[in-house]
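Working notes, structure below.
The values are calculated or read from the model by the stated rules, or taken from the named source; none is laboratory data. The model shown is predicted, which means the values in this text are computed figures rather than measured ones. Backbone-built Cβ (ideal geometry, glycine too); neighbour counts: all protein chains shown. Accessible surface is based on the protein model in full, side chains and every heavy atom, while ligands, DNA and RNA are left aside. Shrake-Rupley method; radii C 1.70, N 1.55, O 1.52, S 1.80 Å.
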Amino acid sequence: GEGGGGGAVELAGSAHPTDFAEYFEWVHESEVCPRYWTNNLHSFCYAEHLEEWLRVGYSLEQMHFVKSEELKDMATREAVVAAAARFMGADPNEPVPQEALQEELNTHSRGEKTVSSEHQQCMVSFTKPSGYLSACNHRLAELLGDDKWLWA
């Protein structure tokens with residue numbers, strides 16, 4: 001799929017494309033970013049995944065979207081879980097075992113390490129206004145009709 005309409009962004013003094021396929025090739029050839037990170041970059045473009053589900057016949061009404069930050073935040077967690085329960089047709093008033101939910105969240109947070117300066121430089125490149133992920137997030141916000149999805 002398309003990843004941002006082309007163009008170029010600046011990283012380490014050299015311009016590189018914002019289209020995903022071109023960008024991916026440039027990153028690997030230039031060895032600017034760690035290969036392990038860029039190999040997973042495409043998975044962060046949620047708009048492309050959503051567009052594919054919509055292309056094969058699903059509608060937005062059949063999907064429920066949750067920001068992980070809202071699920072992790074104790075101040076919003078209860079409302080997020082209740083909304084998901086309502087969407088699935090379950091009783092939103094049924095208590096959710098908070099310990100089990102916290103354990104699940106902790107499981108997905110394990111393995112997070114201190115981010116290297118090289119990794120930070122790549123992330124800044126991907127998420128700045130002219131970067132690949134920024135374009136993806138704008139497409140996602142447009143598809144969902146809500147700017148809260150503009151996380152990068």
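Considering only residues in the stretch 89-105 that are of a type outside the set (D, E, K, R) and surrounded by 10 or more Cβ atoms within 10 Å (Cβ to Cβ), the one that is modelled with the lowest pLDDT turns out to be 105.
Could you please let me know if residue 15 is modelled with pLDDT under 70, aliphatic (A, V, I, L, M) and out of contact with any helix residue (DSSP H, G or I) (no Cβ under 8 Å at 6 or more places or on another chain)?
Answer is yes for this residue.
For residue 46, the conditions (1) of a type in the set (Ser, Thr, Tyr); (2) without any contact (Cβ under 8 Å) to a residue 60 or more places away in the chain; (3) in contact with a Leu (Cβ under 7 Å, 6 or more places away or on another chain) all hold with the exception of (2). Among the residues making up the stretch 84-102, those that are free of Cβ contacts under 8 Å to residues at least 24 places away in the same chain and either within 20 Å of residue 68 (Cβ to Cβ) or in contact with a Lys or Arg (Cβ under 8 Å, 6 or more places away or on another chain) (or both) are 84, 85, 86, 87, 92, 96, 97, 98, 99, 100, 102. Residue 75 meets all of the listed conditions (1) modelled with pLDDT of 80 or more; (2) surrounded by 11 or more Cβ atoms within 10 Å (Cβ to Cβ) but one, namely (2). Search the stretch 20-64 for residues being open to solvent by 70 Å² or more (accessible area, probe 1.4 Å) and outside any helix (DSSP H, G or I), and hand back the single one that is modelled with the lowest pLDDT. Step by step, filter the stretch 20-64, then rank; the result is 31. Only one of 124, 115 is modelled with pLDDT under 85, of a type in the set (Val, Ile, Thr), exposed (fewer than 14 other Cβ atoms within 10 Å of the Cβ) and not in a helix (DSSP H, G or I); which? Answer to the selection: 115.
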